[in-house]
Structures are given as structure tokens and as C-alpha cells.
1. Please state which of the following conditions Cys16 fails to meet, knowing it meets all the rest: (1) touching a residue at least 24 places away in the same chain (Cβ under 8 Å); (2) out of contact with any Cys (no Cβ under 6 Å at 6 or more places or on another chain).
2. Restricting to the range 38-73, what's the tally of residues that are assigned to a helix (DSSP H, G or I), among the charged types (D, E, K, R) and over 24 Å from Arg88 (Cβ atoms)?
3. What number goes with the only condition from (1) in contact with a Pro (Cβ under 8 Å, 6 or more places away or on another chain); (2) of a type outside the set (Ser, Thr, Tyr); (3) in a helix (DSSP H, G or I) that Ile28 does not pass?
Amino acid sequence: MKWRLGEVDEVSCSRCGQLNDHNDLDRILWCKECVDSVLSWAKARSWVVGVCIGMVLCFWIWIVVKPSNMLIGGWAGTVLAAIYVSARVTREVLYGAIRMKTSPESQVVSSDEESY
Ligand SMILES: [Zn+2]
């Protein structure tokens, strides 16, 4: 779908359907607001997943590894790194999954995001 409005090509975002300058849309025709909203949604979810993994890891270290007081600092660093890495990976995966779901081929605007 394309409209000629003066000098700019206006194209509707494939997610929210709002008209935008073609230059403001990305590869799969998402406007900046949709990209931002999905990124912040994925970020919020990814921290929850990261912290859960970190807690499981803490528990595992506490029960199985039983670190001495000297090594506690090192394990704390390991847990923090694990939280950070898993949050990052989760964010990429969630973002990629949503983007794939709403690719131009499908043209389906998902309603899952309303559940948060
Ligand atoms: Zn949009």
C-alpha cells in the first residue's frame, strides 16, 4: 500500500497500521514506536527470566557447590554474569520471535502483547 502525499511516500506500519514516512520504517515495515515498545517489553521480560535463572544458580551453588567464605565473592560474580547474559539472550530471542511473528508475509497483528 502506498500513498503519494506531497513529497513523501507514506506507508502504513505493518504492526500498528499507522502511516509513516517510508524512511522511518525498518526492514519489516515497523515504525520506531513499535520497535521501541517491543524492545522495552522484551527487556522487562528478559530481566525476570535472568533473575529466575540467577536464583536457580544461587540455589545450586549453595546446595551443591557449598563455597567457602573466601570463594563467595567469585560465585556472586558468576551469578551476576549469568543473570546479565541470560537476560541479554532472552531479550534477543523474544525480540526475534515477535519480529518473525509479525513479518510482512504474515501481516497478522498479534494481540499477545496485551497480556502484560
Ligand atoms: Zn507501528
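1. So Cys16 meets the others, but not (2).
2. Going residue by residue through the range 38-73, those that are assigned to a helix (DSSP H, G or I) are 38-65, 72-73.
Retained after the next criterion (residues that are among the charged types (D, E, K, R)): 43, 45.
Add one more test, that the residue is over 24 Å from Arg88 (Cβ atoms), and what stays is none.
Of the residues in the range 38-73, 0 are assigned to a helix (DSSP H, G or I), among the charged types (D, E, K, R) and over 24 Å from Arg88 (Cβ atoms).
3. It is condition (3) that Ile28 fails.
A quick yes/no check of all residues on (1) among the acidic types (Asp, Glu); (2) at positive phi:
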| position | (1), (2) |
| --- | --- |
| Leu29 | no, yes |
| Glu33 | yes, no |
| Leu39 | no, no |
| Ala42 | no, no |
| Arg45 | no, no |
| Val49 | no, no |
| Ile63 | no, no |
| Pro67 | no, no |
| Leu71 | no, no |
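Every number in this text was worked out from the coordinates using simple rules, so none of it is lab data. Predicted, not measured: the structure shown is a model, and the values here were computed from it. Methodologically, a virtual Cβ is constructed for each residue, glycine included, from the backbone with ideal geometry; neighbour enumeration extends over all protein chains shown.
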